[in-house]
1. Expressed in nm to one decimal, what extension gain is obtained for the pair THR375 and GLU342 from 0.36 nm per residue of sequence separation less their Cα-Cα distance?
2. For region 166-172, just list the computed ³J(HN,Hα) in residue order, Karplus coefficients 6.51, -1.76 and 1.60, θ = phi - 60°, integers in Hz, with x standing in for Gly and Pro.
3. Suppose a student asked you for the relative contact order of region 79-169, using Cα pairs under 8 Å spaced at least 6 residues apart; what percent would you report?
4. List the residues, sorted by chain then number, that are 5 or more residues from ASN155 or on another chain and whose placed amide H is less than 5 Å from its amide H.
5. List the residues, sorted by chain then number, that are 5 or more residues from SER98 or on another chain and whose placed amide H is less than 5 Å from its amide H.
6. Please list, in order along region 428-443, the HN-Hα scalar couplings obtained from phi with the Karplus expression 6.51 cos²θ - 1.76 cosθ + 1.60 (θ = phi - 60°), rounded to whole Hz, x for Gly and Pro.
7. So what are the three principal axis dimensions of region 290-348 from its Cα atoms, in whole Å, longest to shortest?
8. Add -39500 (n - 2.57) for each DSSP H run of 4 or more in the chain, then divide by its residues: what number comes out at 222 nm, to the nearest 500 deg cm²/dmol?
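The values are calculated or read from the model by the stated rules, or taken from the named source; none is laboratory data. Predicted, not measured: the structure shown is a model, and the values here were computed from it. In this analysis, Cβ positions are derived from the backbone assuming ideal geometry, glycine residues included, and neighbour counts consider all displayed protein chains. Quick note on the areas: whole protein, heavy atoms, side chains included, nothing else; ligands and nucleic acids left out. Shrake-Rupley method; radii C 1.70, N 1.55, O 1.52, S 1.80 Å.
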Amino acid sequence: MATAQAQLQELLIDGNWTAGSSGRSFENRHPYTGEVVGSAVAAGVEDARAAVDAAAAAFPDWSATPPAKRRELLAKAAELLAARGREIAATMTEETGSTFGWGMFNVTLAAGMLREAAAQSYALVGEVIPSDVPGKLAMAVRQPVGVVVGIAPWNGPVILATRAIATPLAFGNTVVLKASEQCPRTHACVAHALADAGLPAGVVNFVTNAPEDAGEVVEALIAHSKTRRINFTGSTKVGRIIAEKAGRHLKRVLLELGGKAPFLVLADADLERAVAAAKFGAFMHQGQICMSTERIVADASIAEEFAAQLAGQASMLKVGDPREPDTQIGPLINEAARERIEELVADAVENGARVMSGGEADGPCYRPTVLMGVTPAMRIYSEESFGPVVSIITVEDEEQAVRTANDSDYGLSAAVFSRDVPRALALAGQIESGICHINDTTVHDEPQMPFGGVKDSGWGRFGGSAAIEEFSELRWITVQSLAREYPI
């Protein structure tokens, strides 16, 4: 599909789609074919500042807009996004190499996020707090904070761009969405849906930048005096930079970063269910998901059987052109990502791991790979692969399984498989992660759930009522109805 190849993706600032002030643009290439599939404006510092200025100017009116109206507009944006699903999925394939199924899943979940945000429009409730001062009415009041900057990644582009801005909008904030350099047109689809739904000018602003300009554009967005919150989804390496920049400016930030999800398979697990969940969790979207199953921690009594079953399932997945409807494993996002997977697998094999399936590249793709016998001596034991590779680590008992699960700098998602649910819940309570699923995959999200991690996987929570803490300000307001006597 080449419908938009000749089009320049513009910025959205104060209600106008514009080529910005820099006069420059950058190209995107298809991860599978290498052909140019589009271009986008290379915004500069002036454009970033203008986007925040526009959001700040729109804030007073938007924050005063009745919740019912905000709900109506967000619900309309959800309808538009869903109606444009096939077109958006095709754009995702062009820019990120995703399969059509992953694209449509992105659109469906993102539309659900907009609907959940719409439902949250009335969520900024307060409380009356008893005061010890006679005649004093004391209230804790939630209010929108102002301008929220959302920085979204390429791997789940419709979901994560929507998540970055939908709930802040519902609470009465205005937003600036900074797109990923890998998928500016896909991220623009979210901005288009909101703008076309009728959100007033300046409420939603959209910025794209060339890769070499990312640092200064992000710095300008964070440093702007009107920016009140920043949320970032992406790698832990970049997340540290965002947090440091925000800290210098005393700006509050929500970070959803990398993962190295452990998947515990106990001796009494239903292996058929566990294998199915592990296959999906490890290989969906080529393993390029923050929640991807990276470490299978298996009881020694069932580890070999589990590995053999999973390897058999992995070897049957179709690898190839993501434009083909039956392709299940498409290309990695770029050559550097593929080369890194090759290095991690080679290192593991050199240090004693067995390749049960895959273990080799197929053009720009990498075949789904199961590694048996992974140990701490191998880089892949601790480094996030972000690719279609899963490690199997054998343990002797549940205590060792928990220690192994927690032997990581990351703590986003986890899973425990056991027929004994109370025992699995007890183990889940000991695992250091923001999310843990019993008898299900590590890759799971719902709009109303509190989503986020611990340790190097970030801090703060997206989703449902948990986001109130992130995107609103809690204020203490009092009314003194009786005269007081003061000591001086």
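1. 10.1 nm
2. 5, 5, x, 5, 4, 7, x
3. For region 79-169, the relative contact order is 28 percent.
4. Correct list: empty.
5. THR93
6. Working through the residues one at a time gives 4, x, 9, 7, 7, 8, x, 9, 8, 10, 9, 6, 7, 5, 6, 9 Hz.
7. 41, 28, 22
8. -12000 deg cm²/dmol
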